[in-house]
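Quick notes on the structure that follows.
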Amino acid sequence: MTAVVTTGVGGYDRLVVSQVPVPVPGDGEVLVRVLAAGMNNTEINTRLGWYSSSVTAGTNDASENVAGDASTRPDGGWNAVTPFPLIQGADCCGRIVAVGSGGDESVLGARVLVRPCMRTQGFSSWDTIWLGSDVDGAFAQFVAVPAHEVFPVDCDWSDAELATVPCAYGTAENMVRRAGITAGARVLVTGASGGVGSAVVQLAKRRGAHVVGMAGDAKQDQVRALGADEVIGRSDPLGVLGADSVDVVIDNVAGPGFPAMLGLLRRGGTYVSSGAIGGPVVELDMRTFYLKDLTLIGCTAWDEEVFPDVVSYIERGEVRPLLAQVFPLERIAAAQRAFLDRAHVGNFVLVPPGPES
């Protein structure tokens, strides 16, 4: 089959379009033909070794200064060492085409989404593996995954639209859920035009929150169209909104703007994050943190209800996809370059060649 194999830490030359064997599903697994694969910061960050403590720049800056191999950033993956060579791709929309020995053949032919965050020891443990970061993922014509991680979806969305969902909406729902957002809460969403941010806007609104989106000038109308009650620019949020003006901040940007986020929170407020594309090292005044009785929540492992709930929202028409652009799988380098330009709203999707190719 055709796959993009990431050979190690480095630049776009590490993305190699290759012919590799079709995986064979083992006991408890299914083989999924990939119809479309979403693209995220995760894949870029893993290729850059960005999760290493040696990297202090944001994703865009780090992408201009990569070199070396996996040994130069041994802690550069989600769970320490990334198992290069690796087929990346956390977001998979596909069809089940085979089941492992003794598997339930009634699922054959079902169109499914794959849950990329897998709790390997069950939901009583924080241990996870991630599709495309710890095990081979969806940047290929086929992928083998545990049968309990595939979720049939009954909707009229296209394959590419469904591929925008798993990582972005799962991550967003996990943060919204952990924050305990309820009707009437005033919620600030940074990076509101991105894949996760745009999902947070929709998911917070479906809970009845008053959503303030932060986005660049060119994207503000699109963020309003998602349901944001207010949209502000990226400069001087404290000056625009005022101190102690929001209940929850959901922030995947971090970087130099982090101190203002805590200043915006009311006493007893909550700050939630699952990323730091603007820079992972931030300035924290502990007095702001403890004197305001703030709660800071980090989110990586998804709660059990998260992904089934996201699928139900799709089937009930409570959220909508934000498909920014579709690329053939073999043009992944061009797609990642365009992604890092940050001129889009929503998600990019890669489409592999058909099974006859």
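Dipole magnitude for region 239-324: about 340 debye, using +1 per Lys or Arg Cβ and -1 per Asp or Glu Cβ, origin at the Cα centre.
About its Cα centre, the chain has a charge dipole of approximately 660 debye under the convention of +1 per Lys or Arg Cβ and -1 per Asp or Glu Cβ, with nothing else charged.
Out of all DSSP beta bridges in the chain, what portion is antiparallel? Express it as a percent rounded to 5.
Around 60 percent of the beta bridges assigned by DSSP in the chain are antiparallel ones.
You can think of it this way: the chain between Arg320 and Leu291 has 6.5 nm of extra reach, that is 0.36 nm per residue less the Cα-Cα gap. DSSP beta bridges fully contained in region 101-236 are about 40 percent antiparallel.
Sorted fewest first by neighbouring Cβ atoms within 10 angstrom, Ile297, Ile250, Ile232, Ile181 come out as Ile297, Ile232, Ile181, Ile250. Summing charges over neighbours of Arg316, with a neighbour being any other residue whose Cβ is under 12 Å away from its Cβ, gives -2 when K and R count +1 and D and E count -1. What does the net charge come to around Val349 if you take all other residues with beta carbon closer than 10 Å to its beta carbon, with K and R at +1 and D and E at -1? Net charge in that neighbourhood comes out at -3. Considering only Ile87, Thr171, Gly242, and ranking their Cα positions along the charge dipole of the chain that arises from unit charges at the beta-carbon of Lys, Arg, Asp and Glu, the one farthest toward the positive end is Gly242. Split the chain at each of the GluC sites (Glu not before Pro) in a DSSP loop with at most 11 other beta carbon atoms within 10 Å, and the longest piece is 65-282.
Taken about its Cα centre, region 169-298 carries a charge dipole of about 360 debye when Lys and Arg each add +1 at the Cβ and Asp and Glu each add -1 at the Cβ. Taking chymotrypsin sites (Phe, Trp or Tyr not before Pro) as exposed when their DSSP state is a loop state and no more than 14 other Cβ atoms lie within 10 Å, the longest site-free interval of the chain runs over 127-357. The residue list Ala334, Val153, Val189 was ranked by how far each Cα lies along the charge dipole of the chain toward its positive end, using unit charges on Cβ atoms, and Val189 comes out on top. Comparing Ala301, Ala215, Ala183 in a Gaussian network model of the chain (Cα springs below 10 Å), the most mobile by mean-square fluctuation is Ala183. Taking Asp134, Asp27, Asp247 in turn, the Gaussian network model of the chain (Cα-Cα springs below 10 Å) assigns the largest fluctuation to Asp27. The largest-to-smallest principal axis extents of the Cα set in region 181-239 are 28, 24, 16 Å. At q = 0.09, 0.10, 0.12, 0.17 Å⁻¹, what log₁₀ I(q)/I(0) does a Debye calculation on the Cα points of region 157-298 give, no solvent, two decimals? Summing over Cα pairs of region 157-298 leads to -0.24, -0.29, -0.43, -0.87.
Distance between the C-alpha centres of region 162-194 and region 293-308: 10 Å, rounded to the whole angstrom. Our summary gives region 169-298 a relative contact order of 22 percent, counting only alpha carbon pairs under 8 angstrom and 6 or more residues apart.
Of interest is the spacing of the C-alpha centroids, which for region 103-145 and region 12-26 amounts to 17 Å. Compared with the alpha-carbon gap, the fully stretched path from Val281 to Asp27 is longer by 87.2 nm at 0.36 nm per residue.
Compared with the direct C-alpha span, the chain from Val240 to Ala301 gains 18.6 nm at full extension, assuming 0.36 nm per residue.
Every read-out reported here was derived from the displayed coordinates using simple, explicitly stated rules and does not represent laboratory data. All values reported here derive from a predicted model rather than from experimental measurement. So basically every Cβ, Gly included, is an ideal-geometry build from the backbone, and we count neighbours across all protein chains shown.
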